[in-house]
Amino acid sequence: MGVKKLRFLLSLTNDDNDYQVEQTAAAQQAARRLGVELTVVYAGNDGIVQSQQLLSSIQSSYAPRPNAIIFEPAGSTAHPQVARAAAAAGIGVVLLNRDADYISDLRRLFHVPAFAITSNHEEIGRIQGQQLSALLPAGGIVLYIQGPSESLAAKQRYTGLLETKSDAAQLRVLKAQWTESSAHKTVGSFLLLSTSRQTRIEAVCAQDDSMAMGARKAFEECRELREQAQKMPFLGCDGLPKTGQEWVRRKLLAATILIPPNADLAIEMMVKSIAAGTLPPERTFTTAKSYPAVEVLAEGTKRARAASR
């Protein structure tokens, strides 16, 4: 009798953000390695679309149901009803980059592997606040590009940043959708305002690398700000090898934060849990770190200021 192949469904927020693209690649690699049949769907940043995608797979009467659903919530909710419907049907549940109180209930009531793997978003915000202080010791006006208002990660990163940024750094907050094009549009509209042109912006700090690059593009398209954009630090988060880290090396970004993808870890933990019949820890945190290190940024700022005297 052959071993039955496990089938997992992975639902991600969108397919045009470098972190989500990396999540897909990491998940597909882990699935191939572990012999899991993996289906990946994208929610187009829409929580309602996502809950429908997940429910239709859980409740499907014609296609075989997945053994586990793994999802990064696209909207403001972590889909408690969907998770419950999955667990009640004996389907494992993994929540990515978000935490939810229902995880412990699912484990207790349905005895299925249910767990969360997340980055510590407040810690990511705190690192970004430290980066800002290292790059702008004298402070100034910072254009801060936050993810969508319904995103918990966006709120937590902002909270963390406020804890560590210096009081001398004043934020002008704009919102975008975790994509380069949305940040390009938002910042472009902001720069069209005459009041924005009169404000001297000292740095741009975005909650992910793709939004930082969209903002940079908007500044470079603005004739009178192009030169300023060449000298101004742009900060992002995610720090993937081919995007964020590469942009730092090419000096398009001053700094990023390395946030490892976790969809591959979710697959590994779920396979192990099903095979051993044991429950993994309720929560696993991945570790984020500054790239380059905050001390290196501060040293560079010091050197640049000494050279310009």
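The values are calculated or read from the model by the stated rules, or taken from the named source; none is laboratory data. From a predicted model like this one, the values you see are computed outputs, not experimental measurements. For neighbour counting, all protein chains shown are included, and Cβ atoms are generated from backbone atoms with ideal geometry for every residue, glycine included. Note: areas computed on protein heavy atoms with side chains; ligands, DNA, RNA excluded. Shrake-Rupley method; radii C 1.70, N 1.55, O 1.52, S 1.80 Å.
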Next item on the list: Taking the Cα atoms of region 3-51, report the difference between the largest and smallest coordinate on each principal axis, in whole Å and largest first.
Entry: 36, 23, 7
Next item on the list: Determine, at each q value in 0.17, 0.20, 0.28 (inverse angstroms), the log₁₀ of I(q)/I(0) that the Debye formula gives when each Cα of region 113-188 is one equal point scatterer.
Entry: -0.69, -0.90, -1.26
Checklist line | Accessible carbon and sulfur surface of region 117-196 relative to its total accessible area, %, 1.4 Å | finding: 53 percent
Item checked: Distance (nanometres) between label positions extended 7 Å along Cα→Cβ at Q170 and Y62 -> 6.1 nm
Next item on the list: Quick one: which residues, 5 or more positions from A206 or on another chain, have an amide H under 5 Å from its amide H? H modelled 1.01 Å from N in the peptide plane, none for Pro or chain starts.
Entry: I145, L235, G236
Note to self: Modelling each spin label as a point 7 Å along the Cα-to-Cβ direction, I'd like the K242/L162 distance in nm, to one decimal.
What the structure shows: 3.8 nm
Check: Can you list residues whose amide H is under 5 Å from T286's amide H, if they're 5+ apart or on another chain and H is modeled 1.01 Å from N?
Finding: T118, S119, N120
Margin query: 7 Å from Cα along Cα→Cβ at both K272 and T195: what's the point-to-point distance in nm?
Written below: 5.3 nm
Item checked: For region 85-93, 3J(HN,Hα) per residue [Karplus equation, 6.51 cos²θ - 1.76 cosθ + 1.60, θ = phi - 60°, Hz, x = Gly/Pro] -> 4, 5, 4, 5, 8, x, 9, x, 10
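Please give the FRET efficiency for K185 paired with R309, using the beta carbon to beta carbon distance and R0 = 51 Å, rounded to the nearest 0.05.
For K185 and R309, the calculated efficiency is 0.80.
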Next item on the list: Compute the relative contact order of the chain as a whole-number percentage, counting only Cα pairs closer than 8 Å that sit 6 or more residues apart in sequence.
Entry: 18 percent
Checklist line | Whole-Hz ³J(HN,Hα) from phi, Karplus 6.51 cos²θ - 1.76 cosθ + 1.60, for region 64-81, glycine and proline x | finding: x, 6, x, 7, 7, 10, 10, 8, 9, x, 8, x, 7, 9, 9, 6, x, 5
Checklist line | Note, ³J(HN,Hα) from phi for region 152-166, Karplus 6.51, -1.76, 1.60, rounded to Hz, x at Gly and Pro | finding: 5, 4, 5, 5, 5, 5, 5, 4, x, 4, 4, 5, 10, 6, 6
Next item on the list: Can you spot the lysines whose alpha carbon is less than 26 Å from K251's alpha carbon? Ignore those fewer than 8 places along the same chain.
Entry: K165, K175, K185, K217, K231, K242, K289, K302
Item checked: Per-peptide average of other Cβ atoms within 10 Å, ordering 89-96, 188-195 highest first -> 89-96, 188-195
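How big is the shadow of the Cα convex hull of region 1-86, averaged over all directions, in nm²?
Numbers: hull surface 24.7 nm².
That works out to 6.2 nm², a quarter of the Cα hull's surface.
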Note to self: If each residue of separation counts as 0.36 nm, what is the full-extension length gain between Q228 and K5 once their alpha-carbon separation is subtracted?
What the structure shows: 74.7 nm
Next item on the list: Please report, to two decimal places, log10 I(q)/I(0) for region 269-309 at q = 0.22, 0.30, 0.35 Å⁻¹ as given by the Debye formula with identical point scatterers on the Cα atoms and no solvent.
Entry: -0.77, -0.97, -1.07
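What value, in deg cm²/dmol to 500, does the helix sum -39500 (n - 2.57) over DSSP H runs of n ≥ 4 give at 222 nm once divided by the residues of the chain?
-14500 deg cm²/dmol
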Check: Extension gain E221-L279, at 0.36 nm per residue separation less the Cα-Cα distance, in nm?
Finding: 15.6 nm
Next item on the list: Work out Dmax and Rg for region 144-210 from the C-alpha atoms and quote the Rg first, both in angstrom.
Entry: 12.3, 33
Next item on the list: Pull up all non-local amide H partners of V41: gap of 5 or more, or a different chain, and H-to-H distance under 5 Å with H placed in the peptide plane.
Entry: L10, S11, L12
